[in-house]
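Structure first, then comments.
The values are calculated or read from the model by the stated rules, or taken from the named source; none is laboratory data. This one's a predicted model, so the numbers in the text were calculated from it and none came from an experiment. With ideal geometry, Cβ positions are generated from the backbone for all residues, glycine too; neighbour counts draw on all protein chains shown. Just the protein is used for accessible areas: all its heavy atoms, side chains included, with ligands, DNA and RNA removed. Shrake-Rupley method; radii C 1.70, N 1.55, O 1.52, S 1.80 Å.
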Amino acid sequence: MRKTQNNTTPAGSAATPFSKGGIASESLRGVLTSKSIGFVSLGCDKNRVDTERMMYVLQIAGFKFVTDPAAADIIIVNTCSFICSAREESINTIIEMAEHKKGRCEKLIVTGCLPQKFLDETKPLLPEVDEFIGVLGPEQILQAVYRSYGLSWSGAAPNTGGRIVSTPKHYAYLKIAEGCSNKCAYCNIPEIRGPYRSVEKEKLITEAKTLLKGGATEIILVAQDVTRYGTDLYKKPILVALIKELSKIDGLRYIRLHYCYPELVSDELIQEVANNPKVAKYIEIPFQHISDKILKRMNRASNRTQIKDIVARIRQAGPDIAIRTSFIVGFPGENGTDYKELYNFVLEGKIDHIGIFEYSREKDTAAYGMKPQIGRFVKKRRVNKLARLAQAMANQNNKKYLNKTLTVVCEGNPEPNLYVGRSEYSSPLVDNVVYFTSDTECNIGKYYDVHISDLVNFYDLKGEKI
């Protein structure tokens, strides 16, 4: 996410006292807040929300934003370090942004998961970076900006309750919890982000109302595990109760669920997805594997029988509900039999959207020292073979939409009379889209009925606005 889009404007502005050598200076304040800031946000949707909160704090303080980093006086990179490839992307992006210091850029600030976990390793490699901060509160970015200029914040704690929404205006992410307590053997998120911490329900309702006032009609619930929502604050999972409260908000068309861990996908939740008209017929459940042996080594709480039962219960409750999942291929100890189980499960064709990831060996995780580790060539071969199958099954599944009418939200206009959109069965940026023609103008963020006539590129749909 290199471009920011100021869809939400904070109410009012605050004076921003800061000092140099302990002496408050309004003239220094004016000089600093005249600097333009460019954000680069990497990684997951939860990271995006963190970026939006940091932008809000900086805007309240008086800073302005630019979409092109080359035009920024200050560049801030919010990083991801979930797996090795994410760290490589983060480091390469930082190096790329550092090139702008040869031009207009004066300060480069790095925040997020990378410095939180790997500061000692990365700091010596990136001398161009002026400030590193981890995944602390959004107010930390304000202090870091001042520090980079030799100044210090001397005022009250800034208002950190808002966001500058960077998604297209019609949808927004609502992060309902921080951290994770699941302790999967391959994952370092609990160490980076800490234990699972739910956000109070009242705060989420207020935030959702604000997002809808800003133009959103679709709210996507995200957390490392949304099904565990409330277990810490309310001593039991209350995701369904939260969904029911959100559904009462005027102007909300869809609630979408991401990252539902299998063991807490209850019949109550499935029925809510199937029967609540304000819940998109879509659920993301990261199964990660299907072999009982591998699931146990991963320290996952579900097994093959339970996973198949979840799919069956969803299909029985709502045959049209789109299921998205992810699988990790090449986990330590995965042999040919384990892989064949996974391959055959995908071959059953009961999953609509599948993300396939090669196992990444991460230090300080339980899986790091497991044996046998699978060779890189074997992992890649298995990933590629499974990806080809997943693509073929997606193509087969998408044929069920042919000659049907879908309600599609318009999200772009790549050519005259040609539009691109998305149905409730797909999530933004990760799933398939609908290309549709129209003789009359369609507006981004508005919903239209589209008759589906064909498939495009194996995965996407094609049709005509009715």
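Results, tabulated for the structure shown:
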read-out: Flag if residue 362 is in contact (Cβ under 8 Å) with a residue 24 or more places away in the chain and in contact with a helix residue (DSSP H, G or I) (Cβ under 8 Å, 6 or more places away or on another chain); value: yes
read-out: Candidate set from region 426-466 (those that are aliphatic (A, V, I, L, M) and in contact with a Gly (Cβ under 9 Å, 6 or more places away or on another chain)); member that is surrounded by the most Cβ atoms within 10 Å (Cβ to Cβ); value: 450
read-out: Enumeration of residues in region 405-443 that are closer than 20 Å to residue 280 by Cβ and assigned to a loop (DSSP other than H, G, I, E, B); value: 424, 425, 426, 427, 428, 429, 430, 431, 432, 433
read-out: Residue in region 445-456 that is acidic (Asp, Glu), touching a residue at least 40 places away in the same chain (Cβ under 8 Å) and either more than 22 Å from residue 173 (Cβ to Cβ) or not in a loop (DSSP other than H, G, I, E, B) (or both) present; value: yes
read-out: Residue within region 382-397 that is at pLDDT 95 or above and assigned to a loop (DSSP other than H, G, I, E, B) present; value: no
read-out: Any chance residue 313 is out of contact with any Asp or Glu (no Cβ under 7 Å at 6 or more places or on another chain), modelled with pLDDT of 95 or more, open to solvent by 20 Å² or more (accessible area, probe 1.4 Å) and of a type in the set (D, E, K, R); value: no
read-out: Residue under evaluation residue 384, criteria (1) free of Cβ contacts under 8 Å to residues at least 24 places away in the same chain; (2) within 26 Å of the chain's Cα centre (by Cα); (3) more than 24 Å from residue 430 (Cβ to Cβ), criterion not met; value: (3)
read-out: Within region 280-294, tally of residues that are part of a strand (DSSP E or B) and under 12 Å from residue 322 (Cβ atoms); value: 5
read-out: Any hit, region 332-339, residues being modelled with pLDDT of 95 or more, open to solvent by less than 50 Å² (accessible area, probe 1.4 Å), in a helix (DSSP H, G or I) and closer than 17 Å to residue 357 by Cβ; value: yes
read-out: Which numbered condition residue 204 misses (of (1) within 28 Å of residue 61 (Cβ to Cβ); (2) assigned to a loop (DSSP other than H, G, I, E, B); (3) among the hydrophobic types (A, V, I, L, M, F, W, C)); value: (2)
read-out: Tabulated pairs, region 274-292, first farther than 27 Å from residue 340 by Cα and touching a residue at least 24 places away in the same chain (Cβ under 8 Å), second in a loop (DSSP other than H, G, I, E, B) and of a type in the set (Asp, Glu), C-beta under 6 angstrom, 6+ apart or interchain; value: 280/424; 281/320; 281/424
read-out: Candidate set from region 269-284 (those that are open to solvent by less than 10 Å² (accessible area, probe 1.4 Å) and over 20 Å from the mean Cα position of the chain (by Cα)); member that is farthest from residue 184 (Cα to Cα); value: 273
read-out: Meets criteria (more than 15 Å from residue 35 (Cβ to Cβ), acidic (Asp, Glu), open to solvent by 50 Å² or more (accessible area, probe 1.4 Å) and free of Cβ contacts under 8 Å to residues at least 24 places away in the same chain) for residue 99; value: yes
read-out: Any hit, region 285-299, residues being surrounded by fewer than 18 Cβ atoms within 10 Å (Cβ to Cβ), among the polar types (S, T, N, Q) and over 23 Å from the mean Cα position of the chain (by Cα); value: yes
read-out: Among the residues listed as 146, 186, 173, the single one being hydroxyl-bearing (Ser, Thr, Tyr), closer than 24 Å to residue 75 by Cβ and modelled with pLDDT of 95 or more; value: 173
read-out: Checking residue 75 against (1) of a type outside the set (S, T, N, Q); (2) open to solvent by 10 Å² or more (accessible area, probe 1.4 Å); (3) touching a helix residue (DSSP H, G or I) at 6+ places or on another chain (Cβ under 9 Å), the condition it does not meet; value: (2)
read-out: Residues located in region 132-168, provided they are open to solvent by 30 Å² or more (accessible area, probe 1.4 Å) and of a type in the set (D, E, K, R); value: 139, 147
read-out: Matching entry among 97, 54 (being of a type in the set (A, V, I, L, M) and under 18 Å from the mean Cα position of the chain (by Cα)); value: 54
read-out: Matching residues, region 167-195, being under 23 Å from residue 42 (Cβ atoms), in a loop (DSSP other than H, G, I, E, B) and without any contact (Cβ under 8 Å) to a residue 40 or more places away in the chain; value: 194
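A quick yes/no check of all residues on (1) part of a strand (DSSP E or B); (2) farther than 28 Å from residue 80 by Cβ; (3) of a type in the set (S, T, N, Q); (4) at pLDDT 95 or above:
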{"site": "208", "(1), (2), (3), (4)": "no, no, no, yes"}
{"site": "227", "(1), (2), (3), (4)": "no, no, yes, yes"}
{"site": "241", "(1), (2), (3), (4)": "no, yes, no, yes"}
{"site": "252", "(1), (2), (3), (4)": "no, yes, no, yes"}
